Amino acid sequence: MSASEASKTQPADDLPDLFGIELERHDIPPLDNGPAKRTTRKGRKPKPAAAVPAHKTFASSIDLIADLALHQALGREGVRLLRSDSAPVVIIQVPDTAWIDPISGAANRLTRSRAHVVNAKSIARRDEEMEHTLAQAIRYGRPLVAISPDPGRLLPSSLRGAADLTVVIPPLTSRFAGRVIRRWCKGPGPSDLKNGDVAGLTIVDFAAALRPASTYEQSLERIRRAVATRRTPLVPATGPYLHELTGYGAAHAWAMAMADDVERVRNGQAKPEVLEWALVSGPPGTGKSQLAMATARTANVPLLQISISQLFTSGSGHLGTVLQRLNLFRDELMHAAAYGPVLALFEEADALPSRSSGDGAHADFWAPVITAWLLLIDEVRASGLPILLMATTNHAQALDPALTRPGRFDRHFTIMPPSDPKDLIGILRVHLGTDLAGDDLGTVARLGLGATGAEVAGWVRGARRRARQARRALRLDDLMAEVAPPDRRPWPEQQATARHEAAHAIVATRLGIHVTAASILAEGQQAGWTQLRMPSRTPTRAQLEAHAVALLAGRAADMMFGDGPDTGAATDLRQATDLVATLHGTFGLGRTLASRIPSKGGDQGWIADPVLSATVEDHLQALMQVAHTMVAADRAAITALADELLRDRVVDAVAILVTAERHRPRYRVPAGRRPPG
């Protein structure tokens, strides 16, 4: 009995789930193993040929993969329908275009070449052509099989409506791969395959790993090499992992959870629906994109990035090319997700104008682009593919409301510059790597408090440049020189700045406002800064007034301890004015309920209203008197904190509280406004 005949008598080992249907074997005629009767051209007798290996009973490994996949997708009833004489119409959705030709061959073998097979790879056929093909199949009583990676887009509605059966061939899984390997190698096969072992492979990649006479181990090794080759260009190869990042708050915990969920989805322990989508907002340089890259690297998934600017730089910028690039990104994303989890990053989301802004300029251009983005997001969400989508923006308030509604993004995180020196130390360590491993970065972190991750990266680059120029290793003073360069301002100016910021901090503390830190380090046009935190998302009138008094305390100190008011309080006055104006004109906390100022704030149109303008001015003058009284009563604490600022240049919340407690004011603070603790 030849090897081919022997293979037909063997049970279909691992295929009871194919419902007992005999697979087409695609036999190759066996070679004769008996005495040779033939002669060569030179009259010599050929050597006896070895028996044909079991794997030769299939024309190729790719045919085996296609046959098994098609039978599994159709099931018992589907196979019977396709083989019947009822001229059925069957649509087969495949993971990508590489599957189309192999599945076409499998369909022909299954129907013994009776079926009309239609391949829709990229462009849908015209409806009239498809209707003619459908009519011909019905006329001659032959099945019609349409194969496409995206039937909804690439097949006309006439065919989709006539379909008796639509089946989906899923991407490669570990279970299916193990079945194919057992069938190819004729044996019990591997049992330790995981979805990660085949994630990202096309049918061609998988078939290429199955060679004649290969062992299970050799086949598995080729498969794993192919997976590594497929993943490497897309998975971030550099940058920190999530556990190395600090200062991201709730966003960090979410990202860690998503990395775990991605692994569960990859291993078949959870469905893609567990992956939450997130919008991450915050000032420039706070590490929003870095969070996405660290998530992709930690989860070991491809990262596909796109932004509005890329839509224009990758083509002519005309509406048609912009929409075409969007469709291309969608296709790339869906193709990648067909083989395993993918992280998609939509950067600069605020570059998409909001349709609710009231600005009609270029609306004819932007409306289709915004609609295409929304449809893309909905299509990706509805696909059921393992896609984790993150969007970043510097201005969340500028986004189109349709983009942020429930059902598109599950979570919204705001990332601000670190307010805790420990978080800033963590960011410094990420950028320093192994440099300054044994040095205490506490002083550097206190001096740099309030800086973004991008600014920290700039400090480290500058410090390394200093070390290179000096031809030595990096030292702590190199970093210190970048974070806090020597103050070149005259000493009286430094003293005035210290008193100004100390007054903000002490008065705010007396009023129960949390002060994160205060500094006399000059930044841009600012001679110093004090970080105040609003106590509530829905503040009362008393809380708004207290915040305004704390803002005005710096000007009061300038007038009381210095040479009088100067231009250094301009920002304080603007913020205090906005607070008082919205108190009266937006929040209904004054004498009237009428809302005359947009809730977004910052609108100065109220100045044209003489009544409201006078009300705001009178209220500010009254609050300024309160600030004067409090600064005069707390002169000792303000002076002591100013001395600390001149010495350390930055003081944190603990130092401010200690100084305020050590020097009590010369008045009684109302019980309701005492700082907690």
Q.
7 Å from Cα along Cα→Cβ at both residue 525 and residue 632: what's the point-to-point distance in nm?
A. 3.3 nm
(Q) Using amide H atoms built in the peptide plane, which far-off residues or other-chain residues are under 5 Å from residue 165 H to H? (A) 89, 91
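What length, rounded to one decimal in nm, is gained on full extension from residue 250 through to residue 470, with 0.36 nm per residue of separation minus their alpha-carbon distance? Display every interim value, and only then the final one.
On the way: separation 220, 0.36 × 220 = 79.20 nm, distance 4.17 nm.
Extra length from residue 250 to residue 470 when fully extended: 75.0 nm.
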(Q) Run the simple label-point estimate for residue 211 and residue 621 please: 7 Å along Cα→C-beta, distance reported in nm. (A) 9.3 nm
Q | Per-selection Kirkwood Rh - segment 421-483 (Cα, Å, 1 d.p.) | A | 11.4 Å
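Quick one: net charge around residue 646, please, counting Lys, Arg +1 and Asp, Glu -1 for every other residue with C-beta under 14 Å from its C-beta.
Details: positive: 489, 499, 647, 649; negative: 487, 493, 501, 643, 644, 648.
Counting the neighbours of residue 646, the net charge comes to -2.
To the nearest 20 debye, what charge dipole does segment 421-483 have about its Cα centre, counting +1 at the Cβ of each Lys and Arg and -1 at the Cβ of each Asp and Glu?
Values: 11 positive and 8 negative charges, 65 e Å.
Using Cβ point charges on Lys, Arg, Asp and Glu, segment 421-483 gives about 320 debye.
Based on the Cβ-Cβ distance from residue 654 to residue 541, what FRET efficiency comes out when R0 is 30 Å, to the nearest 0.05? It would help to have the intermediate numbers written out before the result.
Values: r = 30 Å, r/R0 = 1.01.
Efficiency at R0 = 30 Å is approximately 0.50.
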Q. When only alpha-carbon atoms count, how far does segment 491-673 stretch along each of its three principal axes, as whole angstroms with the largest first?
A. 49, 37, 26
Q. Measuring from the lowest to the highest alpha carbon on each principal axis, how far does segment 346-425 reach, largest first, in angstroms?
A. 49, 35, 18
Q: Take segment 472-571, drop everything but the C-alpha atoms, weight them equally and run the Debye formula without solvent; then report log10 I(q)/I(0) at 0.14 Å⁻¹ to two decimals.
A: -0.60
**Q.** Where labels lie 7 Å past Cα in the beta-carbon direction, separation of residue 113 and residue 276 in nm
**A.** 5.8 nm
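Between residue 367 and residue 289, take the C-beta separation as r, use R0 = 35 Å, and let me know the FRET efficiency to the nearest 0.05. Before the final figure, lay out the partial values.
Numbers: r = 28 Å, r/R0 = 0.79.
The computed FRET efficiency comes out at 0.80.
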Q) What's the extension gain from residue 328 to residue 662 if we count 0.36 nm per residue and subtract their Cα-Cα distance? A) 113.7 nm
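Report, to one decimal in Å, the Kirkwood hydrodynamic radius for segment 242-414 based on all distinct Cα pairs.
Details: mean 1/r = 0.0604 Å⁻¹.
Computed over Cα pairs of segment 242-414, the Kirkwood hydrodynamic radius comes out at 16.6 Å.
Local charge sum around residue 90 (other residues, Cβ-Cβ under 13 Å, Lys/Arg +1, Asp/Glu -1)?
Working: positive: 80, 83, 114, 142, 160; negative: 77, 164.
Here the count lands on +3.
Read the figures in this text as sums done on the coordinates, not as results from a lab. Treat the numbers as computed from the prediction; the structure is a model and nothing was measured. Because the Cβ atoms are built from the backbone with ideal geometry, glycine has one as well, and the counts that use them run over all protein chains shown.
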